[in-house]
Every structure is written in structure tokens, then in C-alpha cells.
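This structure is in C-alpha cells; I'll ask about it shortly.
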Amino acid sequence: MMTANEIRDSFKKFFESKQHAIVPSAPMVIKDDPTLMFTNAGMNQWKDIILGTRDPEPRRRADTQKCLRVSGKHNDLEEVGHDTYHHTMFEMLGNWSFGDYFKEGAIDMAWEYLVDVLKLNPEDLYVTVFEGSPEENIPRDDEAAKYWAKHVPEDHIINGNKHDNFWEMGDTGPCGPCSEIHVDSRTPEQKAASGKTGRELVNQDDPQVIEIWNLVFMQFNRKADGSLEKLSMNVIDTGMGFERLVRMMQGKHSNYDTDVFQPIITSRRRLRIPLARNRTTSTSLCASAPTTCVPYRSPLLTVNCQAMPRPVTSFVVSCVVPYAMPTPSSNKRTVSSINSSPPSFMRWAMPSLN
């Protein structure tokens, strides 16, 4: 079984073999873009290149990017705590092409990596294509469907709506149709018992049929008035959830059961660090900060769950919101006060320890 580090390295080595320059992750806090507070996708650092205001060389790049989604158009905060595969902070594996290869190249390379390199079962893979938007005069993405047909049967190609299959960084900026790759990780017994095919469960919030990779075909720029203009060059922007990929490769049914999280969870248990329990849901750690604040959690804290009945299962960057400061109380730590300046150990986000 491949470890998380080996999987990450295999991704970078694969795209390096495809003549991609391997670049470092950009900072999560964005300093020079007034439209975004945090890096919410791998393409954020390439926005100027995509808009044609910066040199695109090298035209092929790949990296693994730290992302934070706690506000705006891409806000996963409401999903965290309800399933086993969303995180406020996560790692995104990505590859880009700036005016080099386009849809066919991106689709072929994604398939080669997942099936030929990682050996995922092609029968468990389903893909989506943009169904089109008559109101914006954008047709169905027949081109992407044609290229996918080289790899998967027709019943594994699914039309997706604008919400799922037209990717936009924010209210303005680069955007375009996309193709998602979903994996049906159910056991044969689960498939037989459900009576449903993987196709029927794509984008239906089934915890075992989930998206792992999104191939975005950047073709437009969304202007402030909401209209679309063509980009000066076609751009490929892909993003794959690292934690989800590790889960698939390690045969798990929860991101938290992988070696991305288990060493931390095991250490917590070994140190006997307690977790608060929600009396109504019997799940761990809820936010005690006011509901107007972005909640966070920590393995160092036990907190009062009355303020928010559902569990919150992620740290978030806390420097932009009030947060609860832990102080000793008997043999454990409890939330005692709300402060406005975060200590250094809370400046960065990390996945939860549920």
C-alpha cells in the first residue's frame, strides 16, 4: 500500500515526466488580490498569467497547493462535520497548461495517471461534462465528452449543471466548463444492497461515490457586470483532492482513516488528550465561539457544545475572526474568553482530528 507521501511524490513525478515544471505551493493568505482573502484553489497564483498580464513561461506546471475554503463562492465550512471527505483546509494536487495542451491532453493525462499509474479500477470511474447554459450562450461540452469516450463507456459520462460543472474562482475572474472525475468506492456488497449504479449516485452526496479530480477548461473571464469575455489563450487548470486520493489508494472509506490523519489521531490517543462530547449527537467537539464567528477546533481543547449543536471538524485561519482562548482549568483546558489576536499556533489551518 502506498503511503500519502509516496502518492504525492508519484503525482509530481508523473507530471514532471510530462514536461511540467514542479512549482512550490503559494501562501494561503493572498496579499495582492482584492477579490480573494485566502487561496481557495491551485490556480489563484496564476490568475495574472491566465488573464494575459504576466509571462506564461513555463507553460506546463504542476504542484501541490494548500487551500482554505471558509468563505465566498467556494465555502466548504458548512460541509465539514457532516461527511468524511470535506475539510476547510486541504491539499490540492494540480497541473496547468497555459496555451499549450487543452481538453484532450488534460483528459488523457488524468486517465493515464489514475488508471495506468495508480491502478484505480476504470469500472469505478465516472466523469461529468458541462451540460451547457442557454442563458449565457454556452453549448454542452461535446468536445470533452468526445475525448472521455476514448476511455469510458457512454453511461459513465454524465451531464453536469452550471453549479457543478462551470468553475469560477469568485464573482469575477477566470472561469470555464469543467469535467469532474468521481470514484465509486463501495464494496461489491454495498453496490448489490443499494440497487443503484455509481452513475445514479454521482453528485448525490453519497459518502462512497465522491469527486476526486476536477479538470477545468479555462476559456472565459467573468467581468464585474457578470458578462463573459474570451481569454486570450485556453488554459488547463486541474485540482485533485489529495486526502481523497489517499483514501482511495489505501482502501479506506473515510479521509480520517488514512495515514494523513491517523498518526495525529494515534498520538492524541496515546497522550490521552480528551475530546468534548456533544450530549445530543455524541460526536466530538463543537464550536463555542459566537455563531457569527468562523468556528475552529483543537485537540488541546474541550469546549461547550451548546452554542452550535452540530460538530465542527476543522481548524480555520483564525486571524480574521474572534476566537476562543484556552486557559487551564483543573486537569483539562476549557474555553474561557474571546480574544481578537490569535496566538502563533493558530495562525494556520490544518485538517481535523476527528
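Just so you know, all these numbers are worked out from the coordinates, no wet-lab data involved. This is a predicted model, so every value here is computed, not measured. Note: ideal-geometry Cβ built from the backbone for every residue, glycine included; neighbour counts use all protein chains shown.
Can you tally the net charge around Ser194? Count Lys and Arg as +1, Asp and Glu as -1, for every other residue whose Cβ sits under 15 Å from the Cβ of Ser194. The partial results should precede the final answer.
Values: positive: Arg186, Lys191, Lys196, Arg199; negative: Asp124, Asp184, Glu189, Glu200, Asp205, Asp206.
The answer is -2.
Right, something else. Please list, or write none, the aspartates and glutamates whose alpha carbon is within less than 13 Å of the alpha carbon of Lys252, excluding same-chain residues fewer than 8 places away.
The qualifying aspartates and glutamates are Asp184, Glu243.
Under 10 Å from the Cβ of Phe220, count the other residues' Cβ atoms, weight Lys and Arg +1, Asp and Glu -1, and hand me the total.
Combined, the nearby Lys, Arg, Asp and Glu give 0.
Check cross-link reach from Lys12 to the aspartates and glutamates: straight Cα distance under 12 Å, and skip same-chain residues fewer than eight apart.
Asp63
Output the pairs from Lys119/Lys230; Lys119/Lys146; Lys18/Lys66 with a Cα-Cα distance over 32 Å in this structure; if there are none, say none.
On the way: Lys119/Lys230 37 Å; Lys119/Lys146 23 Å; Lys18/Lys66 23 Å.
Checking Cα-Cα distances, Lys119/Lys230 exceed 32 Å.
Through the Karplus equation 6.51 cos²θ - 1.76 cosθ + 1.60, θ set to phi - 60°, convert the phi angles of the range 100-114 into ³J(HN,Hα) values in whole Hz; use x for Gly and Pro.
Each residue's phi maps through the Karplus curve to give 10, 6, 10, 4, 5, x, 5, 5, 5, 5, 4, 5, 4, 5, 5 Hz.
Which of the aspartates and glutamates could be linked to Lys223 by a straight reach, that is with a Cα gap under 18 Å, when you skip same-chain ones fewer than 8 residues away?
Asp33, Asp48, Glu135, Glu136, Glu168, Asp171
Then there is this: Specify the inter-centroid distance of the range 25-70 and the range 179-226, based on alpha-carbon positions, in whole Å.
Between the Cα centre of the range 25-70 and that of the range 179-226, the gap is 25 Å.
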